Structure formats: structure tokens, C-alpha cells
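Working notes, structure below.
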Amino acid sequence: MNATALPIPENLERFPELHRALDAQAAIAEANRCLFCFDAPCTAACPTHIEVPRFIKKIATGNLRGAAKTILDANVLGLSCSRVCPVDVLCEGTCVMSRYNKKPVEIGRLQRYAMDHYYAGGARISEARARGSGRVACIGGGPASLACAAELRRNGYAVTVFDNRPLPGGLNTYGVAEYKLRPSDSLREIEMIRGMGVEFRQAAVGAEISLEEMEREFDFIFAGVGLGAIERLGIPGEDLGGVIDALRFIARYKTSGDLAVGRRVIVIGGGNTAIDAANAARRLGAEEVHVFYRRGELEMPAFDSEYDHSKVEGVRFHWLAQPVEIVGRDGRAVAVKFAMTRLGEPDATGRRWPEAIAGSEFEQPCEMVIPALGQSRVTEILRSRGIELKGGLIVVERASGRTSNPKYYAGGDCVNGGREVVDAVADGKRAARAIIASMKPEAMRG
Ligand SMILES: Cc1cc2nc3c(=O)[nH]c(=O)nc-3n(C[C@H](O)[C@H](O)[C@H](O)COP(=O)(O)OP(=O)(O)OC[C@H]3O[C@@H](n4cnc5c(N)ncnc54)[C@H](O)[C@@H]3O)c2cc1C
Ligand code: SF4
């Protein structure tokens with residue numbers, strides 16, 4: 001598994017970056033807006049607890065490498081997080097500036113400024129504080145496993161990351177929208193982690209290597225397997241040509257250069273993944289992109305900032321409509337038949353369930369359909385090792401990430417059901433620290 005194994009076409013023209021980088025003058029001016037709060041709420045709000053005022057102070061004094069080091073000490077994926085974190089609901093959302101009716105300090109862009117400088121100067125993380133001689137395997141090569149692997153390696157332990165895809169990085173490489181994070185940026189972080197001495201192997205755990213084999217080879221196993229494929233709609237026509245689920249669609253445009261979209265595209269779903277797919281379809285040339293969601297605007301799970309941005313991209317939204325059939329001609333999708341819905345009583349989760357209204361069906365013509373429902377679970381292989389699952393997610397002790405089998409730890413989307421990159425990083429780091437604390441004394445060199 002090698003960063004140069006696949007050509008990664010970058011669609012710079014169609015996917016210019018959402019947030020432009022700060023230049024030196026703007027970065028210093030922005031850094032000097034920070035009040036350098038003691039007990040800073042932004043540090044508490046960041047799941048990886050980056051010491052935000054500390055790194056911003058270093059930027060203000062021109063110590064960019066020091067700023068990057070402060071970031072990386074807490075969050076080894078500081079580069080990708082600076083681009084993908086929904087900062088308005090995390091660090092920037094708590095900035096005290098808003099108490100004075102001022103714009104929050106642009107923490108994400110300042111973090112990016114420091115990290116870009118660091119990578120431009122040839123990123124190398126400090127050598128391992130050599131200590132341990134234990135061996136750990138991480139299943140999955142996404143943010144959770146990368147953070148776990150880096151933290152273990154920094155402490156001297158041997159780590160092997162197993163991922164079943166040609167390139168590591170999980171959704172950072174294959175899923176997050178290209179105008180936020182380019183595959184090459186994800187791969188730059190992986191190269192840095194590889195440079196720390198983490199080994200990467202391409203293998204499907206459970207199929208090409210068994211958990212029993214891994215248990216013999218490794219002292220501990222961290223499961224960062226994420227979530228699986230997009231759930232099927234379960235309606236006629238789903239296998240027609242021109243129907244491609246949102247994750248496959250995003251992965252394809254990000255890594256293969258296969259960019260053909262229809263003139264009219266229908267996206268089905270109301271989450272951030274639906275929005276990312278819809279925006280990408282617009283930028284890839286679709287004249288009309290329609291997002292259909294079976295509940296109302298208020299119930300839509302996508303972040304407000306993502307929704308607002310999508311409207312600027314020219315995506316059209318339709319509420320209270322659920323698909324009942326994908327209509328085909330000559331083997332290809334030509335329309336989606338929808339039924340209007342009304343929202344019933346709240347269910348056990350507190351969400352109001354949509355009920356189809358009889359006789360309300362209508363057809364929306366299209367050349368491409370992108371289902372973007374939730375993701376399936378890929379944890380079943382762990383059950384045979386006595387690991388407790390609930391609703392397909394791995395049950396862990398929150399503070400350590402330890403599963404019901406003490407040899408196994410877990411974190412990221414396969415535990416939390418799908419949150420943000422920074423949450424996966426925090427989980428991986430926390431689990432690594434707990435693994436280190438559980439290593440047998442003979443696995444420690446002092
Ligand atoms: C379309 C989309 C857009 C997103 N955009 C954002 C965003 O803008 N900002 C943000 O913060 N978050 C975003 N997220 C969420 C974020 O990507 C995830 O929370 C994060 O990637 C979770 O990391 P993870 O390591 O738990 O899992 P993943 O990133 O999913 O990585 C898991 C890896 O494990 C591999 N794997 C699974 N099973 C096996 C096995 N048996 N053997 C070997 N390998 C295996 C998978 O192939 C995958 O590479 C987005 C998610 C999606 C779907
Ligand atoms: S990692 Fe994300 S949440 Fe944490 S300080 Fe950086 S941008 Fe904010």
C-alpha cells in the first residue's frame with residue numbers, strides 16, 4: 001500500500017478550495033485578534049484538545065514550526081482537521097469573541113496556515129520517545145487508526161495498519177469532499193505517519209487475514225473499521241445504469257478521474273453526505289441537481305453551514321418526498337417516482353416518522369440517481385472474538401476505548417455511528433494511551 005500506487009487526479013479547476021488559505025499578513029493579523037484566554041473554551045470544545053491559544057500565540061510571534069508542533073502533539077491529523085472540521089460547531093463556536101458580537105477567531109484557517117507551512121518545509125515528526133517493545137495491529141487505515149498508530153509509534157511501539165483499500169486514509173482519502181480535502185493532502189499525512197515507522201499493509205481483515213492470526217502476532221488490536229457501504233433504498237430500479245450511491249460516486253471522482261455525470265441528477269437523502277454528493281455533481285457539470293428528503297427542512301440532519309453552501313452551489317432542495325421507484329428505460333434510470341409524505345408522531349428516537357400520502361406520487365426526470373442514505377455496519381467479524389456489539393456498533397468503555405474483549409480496543413465511526421474526523425482522531429489517541437497503560441511490563445523498556 002503505497003501513496004504513489006494510484007494516480008490521483010486533482011480536479012483543481014472544478015474543485016477550488018472552499019476556504020482560501022490565509023497569507024502571512026492576514027494570519028498574523030488574525031492571530032493577534034485572539035485574547036489568549038486562560039482555560040480557553042476552544043481547547044475544551046476541540047475533541048483532541050489542541051492548545052489553541054498556545055499555537056495561535058506562536059503564529060503571532062512568527063514561530064510557525066512551534067505552532068505546528070503544538071497542534072501535532074494533540075492531533076496528528078492537524079492538517080486534515082484544519083480543512084474539514086465543522087469549526088462553527090466546535091472550537092470557533094465557543095470563541096468568546098461572539099460574546100462581544102465580534103467574529104470568532106478563525107482557528108481552523110490559522111491551524112491550516114501553520115500546518116501548510118510545516119508540510120511545505122518537509123514534514124517530520126519528532127522521533128519516538130523509545131519505550132515500548134509491544135506490537136499492535138490497527139484494523140482500518142482511516143483517521144481513528146492513524147491517530148492510534150501514531151500515538152503508539154511515538155511511544156516506541158511497533159504498529160501495523162491493515163486496510164482493505166488500495167490507498168490508506170479511509171474517508172479522508174475516499175470520502176470527504178475534494179473542495180475541503182484533496183486526496184494528496186490525506187496522503188501527505190499518511191506519508192508522515194509512515195515516516196514515523198508505522199507499517200501499512202493492504203489486506204481485508206477477516207477475509208485475507210484472520211483475527212486469530214492477528215491475535216497470535218500482536219499484543220493488542222485496535223478496530224477502526226469505520227462504517228460500510230451506503231444502505232440500499234429497497235425500491236425497484238435500484239440496480240439500473242446511472243444509479244450510483246454517494247460514497248462510490250465521491251470515491252470515484254476523487255480517485256479515478258471518472259467524472260461523467262448526467263445533465264439532471266437526483267440525490268436522495270438529507271445528511272452531509274447527500275450535500276457533498278450534490279455539490280460535487282454540480283461542479284462536475286450537472287445542470288440541475290435536486291436533493292429529495294423524506295422529512296422537512298427543519299429535520300434535515302446536515303449542518304446548517306453545509307446546507308447554506310449547497311444552495312450557493314445551485315442545488316435545489318425538495319422536502320417531504322420519498323422515493324418509491326427508480327424508473328428505467330433500456331436499462332438506465334430516466335426518472336424517480338416519489339410519494340409526498342406527512343410527518344407522524346415521534347418514534348423511539350424522538351424523530352417524526354414520514355408517512356407516504358396515498359395518491360400523491362409524481363415523477364422527477366433525471367439521467368443520474370445518487371442514493372445517500374446512512375452507512376451500513378462492518379463490525380460483524382468482531383462478534384466471533386467475544387466483542388459486544390449494539391446496533392452493529394462496537395460497545396467500548398468510553399474513557400479507554402476498550403471493548404468487552406480486553407485484547408481489543410476500538411474507536412471512530414464504528415463506535416460512534418458516524419461523526420467527524422476529529423472525533424475519530426480523539427478516539428484513536430485515547431485508545432493508544434490506554435493500550436500503552438495495559439502493556440505488560442516486559443513490553444516496556446523503561
Ligand atoms: C461523504 C462523507 C463526507 C464527510 N465529510 C466530513 C467533513 O467534511 N468533516 C469531518 O470532520 N468529517 C466528515 N466525514 C466523517 C469522517 O470522514 C469520519 O467520521 C471519519 O473518516 C471516521 O474515521 P474512521 O477511521 O472511524 O473510519 P473511516 O475513515 O471510514 O476508515 C475506516 C477504514 O477501515 C477500512 N476497513 C473496514 N473494514 C476493514 C477490514 N475488515 N479490513 C481492513 N480494512 C477495513 C475501510 O476501508 C476504511 O479505509 C464525512 C463522511 C462522509 C461519509
Ligand atoms: S482540530 Fe478542529 S476542532 Fe480542534 S482546534 Fe483544530 S479546527 Fe478546531
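The values are calculated or read from the model by the stated rules, or taken from the named source; none is laboratory data. All values derive from a computational prediction rather than experimental measurement. No Cβ is skipped: glycine too gets one built from the backbone with ideal geometry, and neighbour counts run over all protein chains shown. For accessibility, only protein heavy atoms count, side chains too; no ligands or nucleic acids. Shrake-Rupley method; radii C 1.70, N 1.55, O 1.52, S 1.80 Å.
Listed values, structure above:
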| read-out | value |
| --- | --- |
| Accessible surface of the range 127-214, 1.4 Å probe, proportion on carbon and sulfur as whole % | 47 percent |
| Solvent-accessible area per residue for the range 246-371 (1.4 angstrom probe, square angstrom) | 45 Å² |
| List LYS254, LYS311, LYS407, LYS429, ordered by accessible area with a 1.4 Å probe, largest first | LYS311, LYS407, LYS429, LYS254 |
| Square roots of five times the Cα gyration tensor eigenvalues for the range 24-120, Å | 18, 15, 12 |
| Tail weight of P(r) past 26 Å, computed on alpha-carbon pairs of the range 120-272, percent | 37 percent |
| Computed accessible area, GLU106, all protein chains, 1.4 angstrom probe, square angstrom | 40 Å² |
| Rounded to the nearest 10 Å², the accessible area of LYS103 at probe 1.4 Å | 110 Å² |
| Over the chain, relative contact order from alpha-carbon pairs under 8 Å, at least 6 apart, % | 17 percent |
| Descending Cα extents along the principal axes, the range 301-441, whole Å | 68, 39, 36 |
| Å³ per residue enclosed by the Cα convex hull of the chain | 159 Å³ |
| For VAL89, solvent-accessible area (1.4 Å; no DNA, RNA or ligand), Å² | 90 Å² |
| Full-stretch length increase - ALA207, LYS103 - with 0.36 nm per residue and alpha-carbon distance subtracted | 32.3 nm |
| Assigned charges on the beta-carbon of Lys, Arg, Asp, Glu; the range 246-371 dipole about Cα centre (debye) | 300 debye |
| Prolate/oblate/rounded label for the range 147-201 (Cα gyration tensor, a/c 1.5) | prolate |
| Solvent exposure ordering (accessible area, 1.4 Å, most first) of GLU355, GLU238, GLU17 | GLU355, GLU17, GLU238 |
| ARG124/ASP239 FRET efficiency (R0 60 Å; Cβ-Cβ; nearest 0.05) | 0.80 |
| Share of pairwise Cα separations in the range 203-315, more than 18 Å, in percent | 60 percent |
| Inter-probe distance in nm under a simple model that places probes 7 Å from Cα toward Cβ, at ALA437 and ASP304 | 3.8 nm |
| Full-stretch length increase - ARG248, PHE362 - with 0.36 nm per residue and alpha-carbon distance subtracted | 38.3 nm |
| Rounded percent of accessible protein surface that carbon and sulfur make up, the range 24-120, 1.4 Å probe | 55 percent |
| Lys pairs under 13 Å by Cα in the chain, provided they are eight or more residues apart or on distinct chains | 4 |
| DSSP loop chymotrypsin sites (Phe, Trp or Tyr not before Pro) with at most 14 other Cβ within 10 Å excluded, longest remaining stretch of the chain | 39-446 |
| Apportionment of accessible area to carbon and sulfur, the range 322-432, percent (1.4 Å) | 49 percent |
| Dipole-positive endmost among LEU90, SER186, ALA40 within the chain (Cβ charges, Cα centre) | ALA40 |
| Mean accessible surface per residue for the range 24-120, computed with a 1.4 Å probe while every protein chain stays in place, in Å² | 44 Å² |
| Rough spin-label spacing in nm, given labels placed 7 Å along Cα→Cβ, for HIS49 and ALA26 | 3.3 nm |
| Of the DSSP H helices in the chain, those whose Cα atoms cover at least 15 Å axially and whose Kyte score averages -0.5 or more | 64-74, 143-154, 421-438 |
| Beta bridges per DSSP with both ends in the chain, % antiparallel, nearest 5 | 40 percent |
| q = 0.13 Å⁻¹: log10 I(q)/I(0) that the Debye formula gives for the range 246-371, counting C-alpha atoms only | -0.53 |
